[in-house]
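The values are calculated or read from the model by the stated rules, or taken from the named source; none is laboratory data. Keep in mind the model is a prediction, meaning the values are calculated, not measured. Note that we place each Cβ from the backbone using ideal geometry, even for glycine, and neighbour counts take in every protein chain shown. We work out accessible area using only protein heavy atoms, side chains counted, and drop any ligands, DNA or RNA first. Shrake-Rupley method; radii C 1.70, N 1.55, O 1.52, S 1.80 Å.
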Amino acid sequence: LQATHWFAEAIFSVLLKKSEDPKIKMAVGLPDFEKYRELIEKIKFVRRKIGIEFYLVKENGQIEIIS
């Protein structure tokens with residue numbers, strides 16, 4: 001439940017910034033947890049429309065970019 005709350009706050013912050021300047025590029029960095037992957041998939045339409053990238057950070061420090 002907490003992961004969903006943090007995710008929602010991050011997305012809302014991105015939406016506010018994009019509303020101020022639609023040309024700005026935005027990315028959200030998150031730990032690579034299954035819950036975050038599920039949430040990212042659920043907002044596929046929105047993230048494609050407004051151009052949000054996600055950086056998922058694995059335990060070993062590798063980063064996967066989802067755009």
Subject >> Unique match (being more than 17 Å from S67 (Cβ to Cβ) and of a type in the set (K, R)) among K23, K35, K18 >> reply: K35
**OP:** Take the stretch 14-28 and flag every residue that is among the small types (G, A, S) and open to solvent by 60 Å² or more (accessible area, probe 1.4 Å).
**Re:** S19
**OP:** Report, ordered by the first and then the second residue, all pairs with beta carbons closer than 6 Å, sequence separation of six or more or different chains, a first member in the stretch 6-21 that is within 14 Å of R47 (Cα to Cα) and assigned to a helix (DSSP H, G or I), and a second member that is of a type in the set (D, E) and open to solvent by 90 Å² or more (accessible area, probe 1.4 Å).
**Re:** none
**OP:** Looking at (1) modelled with pLDDT under 95; (2) open to solvent by less than 70 Å² (accessible area, probe 1.4 Å); (3) under 12 Å from the mean Cα position of the chain (by Cα), find the lone condition where W6 falls short.
**Re:** (2)
Original post:
Based on what the data block shows, is Y36 out of contact with any Gly (no Cβ under 9 Å at 6 or more places or on another chain) and not in a loop (DSSP other than H, G, I, E, B)?
Top reply: yes
Original post:
For residues in the stretch 42-66 being open to solvent by 90 Å² or more (accessible area, probe 1.4 Å) and either touching a Phe, Trp or Tyr at 6+ places or on another chain (Cβ under 8 Å) or hydroxyl-bearing (S, T, Y) (or both), which is nearest to I24 (Cα to Cα)?
Top reply: I65
Original post:
Taking only pairs six or more apart or across chains, which ones have beta-carbon atoms under 6 Å, a first residue in the stretch 37-52 that is more than 15 Å from K17 (Cβ to Cβ), and a second residue that is assigned to a helix (DSSP H, G or I) and open to solvent by less than 70 Å² (accessible area, probe 1.4 Å)?
Top reply: L39/F7
**OP:** For the stretch 57-67, enumerate the residues that are more than 9 Å from the chain's Cα centre (by Cα) and not in a loop (DSSP other than H, G, I, E, B).
**Re:** V57, I63, E64, I65
